[in-house]
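Working notes for the structure below.
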Amino acid sequence: MTTVATPTTRVPRFPNAAAWIGVAPFFVFAVMFLILPTASLLVGAFQDHDGAFTLSNLARLWQPSILHSYSLSIEVSIASAFFGALIGLALAIAALRGGLPAWVRPTLMTFSGVASNFAGVPLAFAFMATLGRLGFVTILLRGVGVDLYASGFSLFTFTGLTLTYLYFQIPLMVLVIAPAIDGLKTEWSEAADILGAGRLQYWRMIVLPILWPSVLGASLLLFANAFGAIATAYALTGSFLNIVPILLYAQIRGDVLHDPNLGYALAFGMLLITGLSNVAYLYLRARSDRWLK
Amino acid sequence: MKSGKFAAWAAMILGVAYFLAPLIATFEFSLRMRRGEYSFDAYRVVLASGNFRDSFFYSTVLAFVTIIVGVLVVVPTAYWVQLRLPRLRGLVEFITLLPLVVPAIVLVFGYIKLYGSSSILPLTATSLGADALLMFGYVGLGLPYMYRSVETALRSIDVRTLTEAAESQGAGIFTILFHIILPNIRSGILSGAFLTFAIVIGEFTFASLLDRPAFGPYLQLIGASKAYEPSALAIIAFALTWACMGLIQLFGSGVRFSVDKP
């Protein structure tokens, strides 16, 4: 990078050394508590007991129980990301462009800030009180003749977990997608009107092409968000639903795989999946930012 | 246009129903401890429990230390990147996003591998060491939010002019950072602090795997063994999250107001 000479009226009193000393604690922290721990797992995934290079840990991920965990995790994450993105988008469009009263928008945004952070163990409690066997909604529905549990529903299954994850996925989508919807200029809508486009044409031919990178990107963010989550699932189902984070948790706690290196490989697989979806998210965001300037 | 507005209302009402139902249900459930009538017994039992108080106190103290360390790590960095080292911006931003990419469970696994009792720096071997490790982990979890809020606040003030004015009056770098910059970005720091608090107070994965007596593992234990107390605790946790977000709005809107004014 070339530095453009700017006319300086005075010699700065603090040398650059002061700046470097100032940022040093940040980099020491980052190396010790973010980069090295992650890197050491990545290295461990490719080592055997004696520290020699091997691919056998990764190869051993291809056993039925572990593959099942990964596919279950991916399915839950896709389902909660897909519905979270769809419903979050609908809510955000309704609040921002639906002609609703002005107070709806700030209320929705504040609530989304709260709900997207209301995850973990308390969220599991809330859904047990709602859709558990003795939950409020379960009993309410039984009162009107709909027996959820008799019809095969259970909170402690794939569907139940997805439904619970939506409680933080939808608000996260609202928060992430709101700037993109704000970026839709009213001029475009007016121009479409003047040129004789119908509402449907406007949405299909103008809004959709502009929004889709943002929507896809946000969905990937939601996917990664669900994929790494553990506390809600653990509090809800114990180790009944063996998603990857729960398998890894059990491995760390009690060494259930009897092989720490296999644990590192498990972590490597998780990191690969969340890493790729985040990279794709950042790429798509950069793409959509061009329109939203 | 009429049908659009109808659809907007319909979407909003369905959304409200989905988001309110669990809150109403949890609150109702938390009142059911006494047979045949509503009471706040579950809350009384929870609040009187020594384990609740101990773990909540532990997590609160830890959250405060996390926030202080987080501010000390983030503010000088954001300040110098803005003022003198703009070429580091990309790298610093990338690092602050790492905690969103690396799942907490993976990160803590790395801690256990790197700082376990048989390693060079066996932080988990002592109770204080494990507390410190947990605290640094939480600084990491809060980093994306703390950095973003501080950075936004720094952008809204004229860092260069403030620094030069202070320098010309003979202020040292600590005076500038703590007496000039810090008060001017107070709102950003507070936003980051409340968000950090909301994330840290009930965190489960780190605390549980590092075997710390924190609020998150306590919640999980109660959930596995009690009937009505978990609902009361969920309501308390939700109220805490609301309080944090409310405080952010309060301080955050203060910033916007003063920036919007010409």
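Could you please tell me which pairs satisfy a Cβ distance under 7 Å, a separation of 6+ or placement on different chains, a first residue in segment B:78-107 that is at negative phi, and a second residue that is among the acidic types (Asp, Glu) and assigned to a helix (DSSP H, G or I)? Correct list of pairs: B:78/B:151. For segment A:43-63, filtering for residues that are closer than 30 Å to residue B:144 by Cα and surrounded by 16 or more Cβ atoms within 10 Å (Cβ to Cβ) leaves 3. In segment B:172-184, is there at least one residue being closer than 21 Å to residue A:29 by Cβ, without any contact (Cβ under 8 Å) to a residue 40 or more places away in the chain, out of contact with any His (no Cβ under 7 Å at 6 or more places or on another chain) and facing chain A (nearest Cβ under 8 Å)? Among the residues of segment B:172-184, at least one is closer than 21 Å to residue A:29 by Cβ, without any contact (Cβ under 8 Å) to a residue 40 or more places away in the chain, out of contact with any His (no Cβ under 7 Å at 6 or more places or on another chain) and facing chain A (nearest Cβ under 8 Å), which makes the answer yes.
Residues being under 24 Å from residue A:246 (Cα atoms), away from chain A (no Cβ under 12 Å), outside any helix (DSSP H, G or I) and modelled with pLDDT of 90 or more are represented in segment B:195-218 by at least one member.
Of all residues in segment A:112-123, those satisfying the criterion of being hydrophobic (A, V, I, L, M, F, W, C) and either in contact with a strand residue (DSSP E or B) (Cβ under 7 Å, 6 or more places away or on another chain) or within 7 Å of chain B (Cβ to nearest Cβ) (or both) are A:114, A:115, A:118, A:121. Where helices (runs of 4 or more DSSP H) fall wholly inside segment B:1-92, the ranges with 3 or more residues that are within 9 Å of chain A (Cβ to nearest Cβ), under 26 Å from residue A:130 (Cα atoms) and at pLDDT below 95 are B:2-30.
Here residue A:219 clears all of (1) surrounded by fewer than 21 Cβ atoms within 10 Å (Cβ to Cβ); (2) more than 13 Å from chain B (Cβ to nearest Cβ) except the condition numbered (1).
Residues in segment A:260-274 include at least one that is farther than 26 Å from residue A:128 by Cα, free of Cβ contacts under 8 Å to residues at least 60 places away in the same chain and out of contact with any Phe, Trp or Tyr (no Cβ under 9 Å at 6 or more places or on another chain). Identification of helices (runs of 4 or more DSSP H) wholly contained in segment A:184-237 with 2 or more residues that are under 30 Å from residue B:206 (Cβ atoms) and in contact with a Lys or Arg (Cβ under 9 Å, 6 or more places away or on another chain) yields A:208-228.
Taking the conditions (1) within 9 Å of another protein chain (Cβ to nearest Cβ); (2) crowded, with 21+ Cβ neighbours inside 10 Å; (3) not β-branched (Val, Ile, Thr) in turn, residue A:238 satisfies each one other than (2).
Comparison of A:138, A:237 shows that the only residue that is among the polar types (S, T, N, Q) and at pLDDT 90 or above is A:138.
Every test in (1) buried (at least 18 other Cβ atoms within 10 Å of the Cβ); (2) of a type in the set (Phe, Trp, Tyr); (3) more than 10 Å from every other protein chain (Cβ to nearest Cβ) is passed by residue A:136 save one, and that test is (3). Remark: pairs (first residue in segment A:59-70, part of a helix (DSSP H, G or I); second residue aromatic (Phe, Trp, Tyr); Cβ separation under 8 Å; 6+ apart in sequence or on different chains) = A:61/A:70.
The values are calculated or read from the model by the stated rules, or taken from the named source; none is laboratory data. Everything numeric in this text was worked out from a predicted model, so none of it was measured. Counting neighbours? That spans all protein chains shown, and the Cβs are built from the backbone with ideal geometry, glycine included.
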